[in-house]
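The values are calculated or read from the model by the stated rules, or taken from the named source; none is laboratory data. Because the structure is predicted, anything quoted here is derived from the model rather than measured. Please note: Cβ atoms are built from the backbone with ideal geometry, for glycine as well, and neighbour counts cover all protein chains shown.
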2 protein chains.
Amino acid sequence: MASDQFNPSFNSLEHFHSTAGKHSIFEDEIRKLPIPVCSVFVSQEGRIAPAVFKETDMIFQCEDHGRTSKEFTRSIEKSKDIVLQAFPGKSAPRIDGKRVAVLFSGGPAAGGHNVLAGLKAVLGRDGTLLGIRKGPKGLINGDLFEINSEQIRAIINTGGFDFLGTDRTKVKTAEQFAKVKATAVNNKLDGLIIIGGDDSNTNAAYIAEYFLREGVDCSVVGIPKTIDGDMAVGKYLPISFGFDTATKVYSELVGNLTQDAASAVKYYHFVKLMGRTASKITLEVALQTKPAITLISEEIAEKHMSLESVVEYVADIIAKRRLKGINHGVVLVPEGLIEFIPEMKSLIQELNHVLAEYERDIKDLPTLKNKQEYIYPLLTPQSAQLMASLPDDIEEMLILDRDDHGNVKVSQIETEKLLIEKIRYRMSQLKRHTHRFFGDGEGKIEATDRQIEQFKAASFSTQSHFLGYEGRSAKPTAFDAAFTFNLGLAAGSLVLQGKTGYMASVTDFDKGGRVLALPISGLIACETRKGREELVIAKDLVNTSSPAFKVFAKNRDKWAMDDLFSSPGPIQHWGPTSRQMPISVALNQGYTGYQSFDLGEERVVGVD
Amino acid sequence: MASDQFNPSFNSLEHFHSTAGKHSIFEDEIRKLPIPVCSVFVSQEGRIAPAVFKETDMIFQCEDHGRTSKEFTRSIEKSKDIVLQAFPGKSAPRIDGKRVAVLFSGGPAAGGHNVLAGLKAVLGRDGTLLGIRKGPKGLINGDLFEINSEQIRAIINTGGFDFLGTDRTKVKTAEQFAKVKATAVNNKLDGLIIIGGDDSNTNAAYIAEYFLREGVDCSVVGIPKTIDGDMAVGKYLPISFGFDTATKVYSELVGNLTQDAASAVKYYHFVKLMGRTASKITLEVALQTKPAITLISEEIAEKHMSLESVVEYVADIIAKRRLKGINHGVVLVPEGLIEFIPEMKSLIQELNHVLAEYERDIKDLPTLKNKQEYIYPLLTPQSAQLMASLPDDIEEMLILDRDDHGNVKVSQIETEKLLIEKIRYRMSQLKRHTHRFFGDGEGKIEATDRQIEQFKAASFSTQSHFLGYEGRSAKPTAFDAAFTFNLGLAAGSLVLQGKTGYMASVTDFDKGGRVLALPISGLIACETRKGREELVIAKDLVNTSSPAFKVFAKNRDKWAMDDLFSSPGPIQHWGPTSRQMPISVALNQGYTGYQSFDLGEERVVGVD
């Protein structure tokens, strides 16, 4: 039996203690990994050096040009909304002593720390990199500190945003803008780097414009971050950072679940995947893992599918698989699904309206039943019927839970459980009324009597999962590590050149990387949010005529009818499979493969 | 913008199609990975060959020797409950043409397919390996097929049990035993390998005894499988297969969540970890990731902690962290917790009793309220008070949901959500009655007025997770891949030598591996299950005086008061971090490190 004696001289103990605080064997090894550097950032002497950005012939003409040109007059005057491209900076004078501050905004995404490493590397020994604590809040409050090389060595290639922290504050009021100005002036900032998603980059554009107006000589540059993958601009920005890592974490787990389903031969695993709006994560995970069933919100909206027809679609596949003797599988559900089902969207809009209009009356009613009696007559019959068909707890949630703006908390709806309950009903319909659903005739499923008996004998067992937080702060994949380091080099180069209001970008992942700067004002469109029009960077949703969607659509019926799943495995940082990029990105960009990216020659980026 | 043209000649497309059915880039590469082979299985000519088992001086004397010797008379007569050890089989006559069948039983665990590869390798060209479909059910029904080398090449190093499938049927009735005999006789089996957990290996012992009694000349050998880690026998069997892979998958994710918590700086992630009984998974994950708070069921039972005191323990740490300005973290909760809290165990026992006694009466009562009114007076005051203090949905579940035996479905209780709700109440108590909990005096938490104000301003936001299915069917770690292949070689060698009623084992992971055969009858103890006594292999729970627990206990206060988390990262199959073994196993076995295992020289195990 194992020794009961506690042996303090135990050898691995000493090593064990030294692993606390992000020093596992793995964590210490990944810090040593080399990172590819795009050739524009390599000087003739072979050292990392700032690139120089030049105008291209590409101009962004956004749809609401009239409105954006009013809001971003000075930025557009300077940039003319022309895309810039980076070239090796041999002719550039050496720029020393610049002070640049950086912050994280919004949810974490893998690679954020490498953006800092890239910035530090390009600013050089005489430049100063300042970290802003806890996101925009820290920018407003002036909570900054100088980042030294030792700190960069500690965070390089690590995941998360924990070195600085993050938050979701938006700089909106005049008072907030004034405080941001004070932070820039007090800290003598030459540059401010905002690492964030669509809202944060929009905010960056507003701050850039404000600084120009106020005569604050500080460049503002955005870095495209979001695991959701909906911050992308065709050939100009194939993807934001963090998407590759997050989707690979989810694909590892979905891959494991597909294998587990086929092993235990009794469960359907319903997996909800993070992504409030776009289904890009779900599409990528589907391409990676080839599960039995995948729902894509954008397609469902486009086809005007009802909740019932979505349920029927899934139940139909489950039924057909069962007839083939397969009573297990994986169903992928995008987090944002509910709002893409047109009738659900209508119901939620009506509810928001009714609950706002009659807020006090409804609040005063003592029981849920009273509230229901009050609300139902105020809905359209279609919405009333739909709401009555939802599971109790979801109906209760719709009526009782409000967000800060008084709206239904759509993101809290457990979509995967809603689907499971509805599909369970549908499966028992199929079981009890086999003559209606099986046999000859239009819309009926072909089946022999024996198959029908087997069908009825089988049970519908499910497990539900939500994958999200697990993928935001993983160690970046080799791709995300390289992508972010080069984004940092690009952003630093832009600041050194005095460029403002741009978002850094890298494209051409298949041939060494092309480094661009996108004028943010050119990306901004008008969006209706909570009834008000707002100027924001438009989200890049799944396009059902894109190559990635078409490859998925062409294959899904095969994946539905057989176990053809596969798995990219856990993210590898060494070995033959470690340099992959997202399949959907490779397909949409027209690369010749996704097996290996090329963002320049690898370098051990020791920061001096 | 991305091309809207669907380009069918797209190059990666062809590769993409070839990845369906477990042929991702990763899956094809891991099949080529070499596997370490213990030296006892390597012949003088350097080929894989059966080992020969010899008696050691180790005898298992189980506690219920009287009972087991009655049940397993013939097995014990043969084995004398002596542990066997493997030696190189140079003196053994070449044994050809043996027929061996193998099945998976119970939940999947990583490495099962490599047991098959090991069996196939050791049986040699003239031996026949038969696969039994869908576990013990297939054994009873005689659902067998011959496994060829091509199939082994396809499944080697892959995860899951999907090649054969599995189920949880137990061979119990005389009719079932007779059918198993028929399967053995009809298929001319010389050996039957049962890959499973404590119940399945117990079943293997019963079948072995039955075959001896019936004169069926077929060896029965068990293989220790369970991700839970509670199938272990001190120095004789350090761990079962699948534990390393599962805990590393969970540790990757918990590591990501600790990093995410520190990045988003607003959430406590409550992570429930699979393991119905033992907290071994939770302990290993805690050692790997060093989260703020970890609950270990065995310790809670030993200390006779109440639910309220568990809640206070967690809330107290959260409060103290908040006073230090840390309002985020990760809490690990073992799945089996509820039944280890003595008062909860009593409540459940009382409920099971009451619900059995008054089944009809309670069933006839129309509403939940009626049932409550009926049941409460029948409980002890302590249990009544406890039940009334539980969240509604959990109380409802306890009263309404029954398993097939009429018992409370303990495994369905969402422990992590129960804890969250109770801790939320406790946090608001602390907030509203600060004078009672903070300041000078016994049991009070020291805090300045300013700290108390900050404490009150902070909110308690949570996310809950359950990690289980994701880790059962992952690709085996290098350790599990090696461990299982050698277990397969061991089991095959035992059959070739005509040994029956043994479980194959490998120990000494730090120095080349020692291969043992453990007489199962010697491991069996008496356990009370659902009121009846049963002979089963005793579960190996967390021992609070074991080195692994002590190292955890010594460090947890430090982990609670600072962010000292770390992460083993995703499982690596290449590179410098790929050969680790479980920390808890290394500690308990007294190895000098966990950084690297040694199970012999690596070989590319092409099966000919």
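Scanning the stretch A:282-309 for residues that are within 18 Å of A:Asn555 (Cβ to Cβ), part of a helix (DSSP H, G or I) and more than 8 Å from chain B (Cβ to nearest Cβ) yields A:Thr282, A:Leu283, A:Glu284, A:Val285, A:Ala286, A:Thr289, A:Glu298, A:Glu299. All of (1) within 21 Å of A:Lys248 (Cβ to Cβ); (2) among the β-branched types (Val, Ile, Thr); (3) crowded, with 24+ Cβ neighbours inside 10 Å hold for A:Thr507 with one exception: (3). A residue that is more than 30 Å from B:Phe53 (Cβ to Cβ), within 10 Å of chain A (Cβ to nearest Cβ) and not in a loop (DSSP other than H, G, I, E, B) cannot be found anywhere in the stretch B:518-541.
Contact annotation: residue pairs with Cβ atoms under 6 Å, 6 or more positions apart or on different chains, pairing a residue in the stretch A:80-93 that is closer than 11 Å to A:Leu516 by Cα with a partner that is at pLDDT 95 or above and of a type in the set (Gly, Ala, Ser), are A:Leu84/A:Ala517; A:Ala86/A:Ala51.
Only one entry of B:Asp508, B:Asp449, B:Asp440 meets the criterion of being on the phi > 0 side of the Ramachandran plot and charged (D, E, K, R), and that entry is B:Asp508. Being assigned to a helix (DSSP H, G or I) and more than 11 Å from chain A (Cβ to nearest Cβ) is a property that B:Ser493 has. Considering the conditions (1) in contact with a Phe, Trp or Tyr (Cβ under 6 Å, 6 or more places away or on another chain); (2) outside any helix (DSSP H, G or I), A:Tyr591 is excluded by exactly one of them, (1). Go through the stretch B:343-357 and give me each residue that's surrounded by 16 or more Cβ atoms within 10 Å (Cβ to Cβ) and touching a helix residue (DSSP H, G or I) at 6+ places or on another chain (Cβ under 9 Å). Answer for the stretch B:343-357, where residues must be surrounded by 16 or more Cβ atoms within 10 Å (Cβ to Cβ) and touching a helix residue (DSSP H, G or I) at 6+ places or on another chain (Cβ under 9 Å): B:Glu343, B:Met344, B:Leu347, B:Ile348, B:Glu350, B:Leu351, B:Val354, B:Leu355. Being within 7 Å of chain B (Cβ to nearest Cβ), buried (at least 23 other Cβ atoms within 10 Å of the Cβ) and without any contact (Cβ under 8 Å) to a residue 40 or more places away in the chain is a property that holds for A:Gln572.
Taking the stated definitions as given, is B:Asp64 among the acidic types (Asp, Glu), in contact with a strand residue (DSSP E or B) (Cβ under 6 Å, 6 or more places away or on another chain) and buried (at least 19 other Cβ atoms within 10 Å of the Cβ)? Considered against the rule, which asks whether it is among the acidic types (Asp, Glu), in contact with a strand residue (DSSP E or B) (Cβ under 6 Å, 6 or more places away or on another chain) and buried (at least 19 other Cβ atoms within 10 Å of the Cβ), B:Asp64 comes out as no. Filtering the stretch A:458-470 to residues that are within 7 Å of chain B (Cβ to nearest Cβ) and either surrounded by 24 or more Cβ atoms within 10 Å (Cβ to Cβ) or of a type in the set (S, T, N, Q) (or both) leaves A:Gln463, A:Glu470. Taking the stretch B:219-253 on its own, how many of its residues are under 24 Å from A:Arg472 (Cα atoms) and within 13 Å of another protein chain (Cβ to nearest Cβ)? Result for the stretch B:219-253: 8. Against the test of being in contact with a helix residue (DSSP H, G or I) (Cβ under 9 Å, 6 or more places away or on another chain) and under 27 Å from B:Asp199 (Cα atoms), the options B:Glu527, B:Glu534 yield a single qualifying residue, B:Glu534.
In the set (1) within 30 Å of B:Gly468 (Cα to Cα); (2) crowded, with 18+ Cβ neighbours inside 10 Å; (3) not assigned by TED's automatic domain parsing to the domain that holds B:Ile326, B:Leu379 fails one condition alone, (1). One residue stands out among those in the stretch B:254-267 that are hydroxyl-bearing (Ser, Thr, Tyr) and buried (at least 24 other Cβ atoms within 10 Å of the Cβ): the one that is farthest from the other protein chains (Cβ to nearest Cβ), which is B:Thr258.
Scanning the stretch A:543-563 for residues that are facing chain B (nearest Cβ under 8 Å) and either under 20 Å from the mean Cα position of the chain (by Cα) or farther than 17 Å from A:Tyr313 by Cα (or both) yields A:Asn543, A:Ser545, A:Ser546, A:Pro547, A:Lys550, A:Val551, A:Asp563. Scan the stretch A:433-481 residue by residue and report those that are among the polar types (S, T, N, Q) and assigned to a helix (DSSP H, G or I). Of everything in the stretch A:433-481, those that are among the polar types (S, T, N, Q) and assigned to a helix (DSSP H, G or I) turn out to be A:Thr434, A:Gln451, A:Gln454. Filtered by the rule that a residue be in a loop (DSSP other than H, G, I, E, B), farther than 21 Å from A:Glu71 by Cα and either of a type in the set (A, V, I, L, M, F, W, C) or more than 14 Å from every other protein chain (Cβ to nearest Cβ) (or both), the stretch A:161-205 gives A:Phe161, A:Phe163, A:Leu164, A:Asn187, A:Lys188, A:Leu189, A:Asp190.
Taking the criterion of being surrounded by 22 or more Cβ atoms within 10 Å (Cβ to Cβ), over 17 Å from A:Pro224 (Cα atoms) and of a type in the set (Asp, Glu), would at least one residue in the stretch A:150-163 satisfy it? Checked the stretch A:150-163: at least one residue is surrounded by 22 or more Cβ atoms within 10 Å (Cβ to Cβ), over 17 Å from A:Pro224 (Cα atoms) and of a type in the set (Asp, Glu). Residues considered: B:Thr484, B:Thr477, B:Thr500. Of these, the only one that is among the β-branched types (Val, Ile, Thr) and touching a Cys at 6+ places or on another chain (Cβ under 8 Å) is B:Thr500.
Criterion applied to B:Leu398, B:Leu430 was being farther than 23 Å from B:Tyr313 by Cα, out of contact with any Lys or Arg (no Cβ under 8 Å at 6 or more places or on another chain) and not in a strand (DSSP E or B), and the one residue passing it is B:Leu398.
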